[in-house]
Amino acid sequence: MRNIAIIPARSGSKGLKNKNIRLLNGKPLISYTIEAAQKSGLFDEIFVSTDSIEYAKIAQEFGASVPFLRNKELATDNISSWDVVKDALLNYKKLGKEFDTVALLQPTSPLRKHYDIINGYDQMRRKNANAVVAVCEVDHSPLWCNTLPEDESLQNFIKEELIKSPRQLLPKYYRINGALYIVKTNYLMSTENIYSEKCFALVMAKENSIDIDDEMDFIIAEALMRSNLN
């Protein structure tokens, strides 16, 4: 089975400038994802999809492949990661390289470990899955969440039967953490929705699941890296 890891890293992040190559604990953010993919030992190709020559050089310094740059049309805010992945697979096919699975690894998940990737592929084999997507337990139950009216009244904000329920008795909820998506390539190229038949979850630890989007996330990630939690 031939596997490719695709790490999408376009330039021009609106939230944090050059977020994907910003130094985190002394190394470019993207390097942690490249190294996790390398350490897993699962990939025939580790490809960084970027529209930036600067990003490409940094990715190559850490051992990733960048045989072509992403088209500018695919480097805008309204393009999904799956559009980028499908385009990359088609470009690799033109180069004579085809793959059985693709792992989408977001560079904004630097605390994802190599064993998380290995566990994802193990889950795919166990379940004979078309797709495996990483999730983690949510910090706060959505049962304690609601919208607010214009007058900000909390009347009926929480269902009456939940008011006296101990937190420990509430059902566990999970969220997609963005750290890992593994999909069979034939399935991916034939669907617009991977969350259907034979798509399964990989439950990851919360401390491995941080998704860096703003300055506070950077601070938390650095703190976790320096602690015994990660």
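The table below lists the values:
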| item | result |
| --- | --- |
| Filter pass, K57 being under 25 Å from T185 (Cβ atoms), outside any loop (DSSP other than H, G, I, E, B) and either charged (D, E, K, R) or without any contact (Cβ under 8 Å) to a residue 12 or more places away in the chain (or both) | no |
| Test: residue in the stretch 25-40 that is part of a strand (DSSP E or B), modelled with pLDDT of 95 or more, of a type in the set (K, R) and out of contact with any Lys or Arg (no Cβ under 9 Å at 6 or more places or on another chain) | yes |
| Selection status of I210, outside any loop (DSSP other than H, G, I, E, B) and touching a helix residue (DSSP H, G or I) at 6+ places or on another chain (Cβ under 6 Å) | no |
| Subset of the stretch 93-116 that is charged (D, E, K, R) and more than 30 Å from K206 (Cα to Cα) - its residue that is surrounded by the fewest Cβ atoms within 10 Å (Cβ to Cβ) | K94 |
| Top-ranked residue of the stretch 126-148 - restricted to ones that are more than 20 Å from the chain's Cα centre (by Cα) and among the charged types (D, E, K, R), ranked as surrounded by the most Cβ atoms within 10 Å (Cβ to Cβ) | K127 |
| Options Q60, Q38; residue that is more than 16 Å from S13 (Cα to Cα) and out of contact with any helix residue (DSSP H, G or I) (no Cβ under 9 Å at 6 or more places or on another chain) | Q60 |
| All positions within the stretch 82-121 that are more than 24 Å from K27 (Cα to Cα) and among the polar types (S, T, N, Q) | N91, T101, N119 |
| Residue, nearest to L105 (Cα to Cα), within the stretch 195-207, restricted to residues that are assigned to a loop (DSSP other than H, G, I, E, B) and among the hydrophobic types (A, V, I, L, M, F, W, C) | M204 |
| Hits in the stretch 156-199 (condition: surrounded by fewer than 13 Cβ atoms within 10 Å (Cβ to Cβ), under 20 Å from P8 (Cβ atoms) and more than 16 Å from the chain's Cα centre (by Cα)) | E192, N193 |
| Given (1) closer than 19 Å to S196 by Cα; (2) at pLDDT 95 or above; (3) surrounded by fewer than 21 Cβ atoms within 10 Å (Cβ to Cβ), index of the condition G120 fails | (3) |
| Any pair with Cβ under 9 angstrom, 6 or more apart, that starts in the stretch 22-36 at a residue that is touching a residue at least 12 places away in the same chain (Cβ under 8 Å) and ends at one that is surrounded by fewer than 21 Cβ atoms within 10 Å (Cβ to Cβ) and assigned to a strand (DSSP E or B) | L29/L23; S31/L24; Y32/L24; E35/K27 |
| Tabulated pairs, the stretch 151-170, first farther than 15 Å from S141 by Cβ, second loosely packed, with under 10 Cβ neighbours inside 10 Å and of a type outside the set (S, T, Y), C-beta under 9 angstrom, 6+ apart or interchain | L154/L148 |
| Q168, sole failed condition from (1) assigned to a loop (DSSP other than H, G, I, E, B); (2) over 30 Å from V102 (Cα atoms) | (1) |
| Residue match in the stretch 5-20 (condition: without any contact (Cβ under 8 Å) to a residue 24 or more places away in the chain and under 19 Å from the mean Cα position of the chain (by Cα)) | yes |
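The values are calculated or read from the model by the stated rules, or taken from the named source; none is laboratory data. What you see is a predicted model, and the numbers here were worked out from it, not measured in a lab. Virtual Cβ from ideal backbone geometry, glycine too; neighbours counted across all protein chains shown.
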